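What follows is a short report on a single structure.
The values are calculated or read from the model by the stated rules, or taken from the named source; none is laboratory data. A quick note: this is a predicted structure, and the numbers were derived from the prediction, not measured. Positions of Cβ are backbone-derived with ideal geometry, glycine not excepted, and every protein chain shown enters the neighbour counts. With ligands, DNA and RNA removed, areas are computed over all heavy atoms of the protein, side chains included. Shrake-Rupley method; radii C 1.70, N 1.55, O 1.52, S 1.80 Å.
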Amino acid sequence: MAASTPTYYDVLQVERTASPERVRAAYRKLAHKYHPDKMPGNANATRAMAAINTAYEVLADAQRRAEHDLWIQRMERGPQVRRAAQPAPNALTRLLRSNDSWPWYLLFGTMSVALGTIGTAVYLAAMPARATAAPQPCAISASAQPAECPRRS
């Protein structure tokens, strides 16, 4: 652990595995030594006594002591190394094989359908309309009366 980060164990001058009785004895000894009534007018004694009281409050409570121990473990481990973000795929095949590429498939599929629809609409608008009407009866039957068939001009 860094020397610049004292723990409550350091304040009470006990080891981490100290029993609650040992913590209480160390507190009483330091409180007797640094009590402001023993050192009137000394501002450091007041600050030291405040630190000693805080350390004892934490170490005397089992739950708070466990939280403090966990904090010490985290400080000793140091900063956690985070995995670097994966670089963007440099090849199209890597992109297509990736498990998280479904949005790209969805995007390109939607664009393909939209472009196909637009292309069809443009084609049909540009091409002349084809004659799709049913054939006239005069063209089908040779026995049709000439009066019934309109003249072509």
Report the residue count in the stretch 35-85 for those that are touching a Ser or Thr at 6+ places or on another chain (Cβ under 9 Å) and β-branched (Val, Ile, Thr).
-> 1
Could you look through the stretch 38-53, keep only residues that are open to solvent by 60 Å² or more (accessible area, probe 1.4 Å) and not in a loop (DSSP other than H, G, I, E, B), and pick out the one that is nearest to LEU12 (Cα to Cα)?
-> ARG47
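Yes/no per residue for (1) open to solvent by less than 50 Å² (accessible area, probe 1.4 Å); (2) farther than 30 Å from ASP100 by Cα; (3) modelled with pLDDT of 85 or more:
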site: THR7; (1), (2), (3): yes, yes, yes
site: MET75; (1), (2), (3): no, yes, yes
site: ARG82; (1), (2), (3): no, no, no
site: GLN86; (1), (2), (3): no, no, no
So, in the stretch 88-107, of the ones that are assigned to a helix (DSSP H, G or I) and surrounded by 10 or more Cβ atoms within 10 Å (Cβ to Cβ), which residue ends up modelled with the highest pLDDT?
-> LEU107
